[in-house]
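The values are calculated or read from the model by the stated rules, or taken from the named source; none is laboratory data. Computed from a prediction, not measured in an experiment: that's the story for all the values here. With ideal geometry, Cβ positions are generated from the backbone for all residues, glycine too; neighbour counts draw on all protein chains shown. Note: accessible area is taken over every heavy atom of the protein model, side chains too, but ligands, DNA and RNA are not part of it. Shrake-Rupley method; radii C 1.70, N 1.55, O 1.52, S 1.80 Å.
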Amino acid sequence: MSKITISEDVCKGCGMCVAACPKKLLALSKTKINIKGYHVVEMTDQNACTGCTACALLCPDVAIEVEK
C-alpha cells in the first residue's frame with residue numbers, strides 16, 4: 001500500500017495534482033485552509049492509492065511525497 005503525504009503549508013491549492021490522479025483520489029478541501037489562505041489538497045481514500053506518483057510529479061511546489 002502506498003502513502004501520500006501532503007505538505008499543507010506548502011500547498012497552494014492549484015489543483016494540478018487533483019487533475020493528474022488517474023483514480024480521482026485527491027480533492028481540494030472545502031474546510032482546510034493553510035497558513036497562506038489556500039484551500040489545501042486532501043486524499044479522499046488512502047487505501048485505494050496505487051502510488052503511481054502522478055500527483056507528486058505534477059505538483060509545482062513539491063508539496064506531495066509518495067511512499068511505496
TODO: Could you tell me which of the residues Ala56, Ala48, Ala63 is more than 12 Å from Cys14 (Cβ to Cβ) and within 8 Å of the chain's Cα centre (by Cα)?
DONE: Ala56
Task: Meets criteria (basic (Lys, Arg) and either open to solvent by less than 20 Å² (accessible area, probe 1.4 Å) or in contact (Cβ under 8 Å) with a residue 24 or more places away in the chain (or both)) for Lys30 - done: no
Open item on the list: Just the residues that are closer than 16 Å to Val10 by Cα and open to solvent by 20 Å² or more (accessible area, probe 1.4 Å), please, taken from segment 35-45.
Closed with: Ile35, Lys36, Gly37, Tyr38, His39, Glu42, Met43
- [ ] Run Leu26 past the list (1) within 10 Å of the chain's Cα centre (by Cα); (2) modelled with pLDDT under 95 and report the number of the one that doesn't hold.
- [x] (2)
Task: Any chance Lys23 is over 11 Å from Ile6 (Cβ atoms), out of contact with any helix residue (DSSP H, G or I) (no Cβ under 7 Å at 6 or more places or on another chain), open to solvent by 90 Å² or more (accessible area, probe 1.4 Å) and not in a strand (DSSP E or B) - done: no
Open item on the list: Suppose we keep only residues that are assigned to a loop (DSSP other than H, G, I, E, B) and open to solvent by 30 Å² or more (accessible area, probe 1.4 Å) within segment 1-20. Which one would you say is modelled with the lowest pLDDT?
Closed with: Met1
- [ ] Return the total of residues in segment 26-48 being part of a loop (DSSP other than H, G, I, E, B) and in contact with a strand residue (DSSP E or B) (Cβ under 6 Å, 6 or more places away or on another chain).
- [x] 2
TODO: State all residues of segment 54-68 that are surrounded by fewer than 17 Cβ atoms within 10 Å (Cβ to Cβ) and part of a loop (DSSP other than H, G, I, E, B); if no residue qualifies, say none.
DONE: Pro60, Asp61, Val62, Lys68
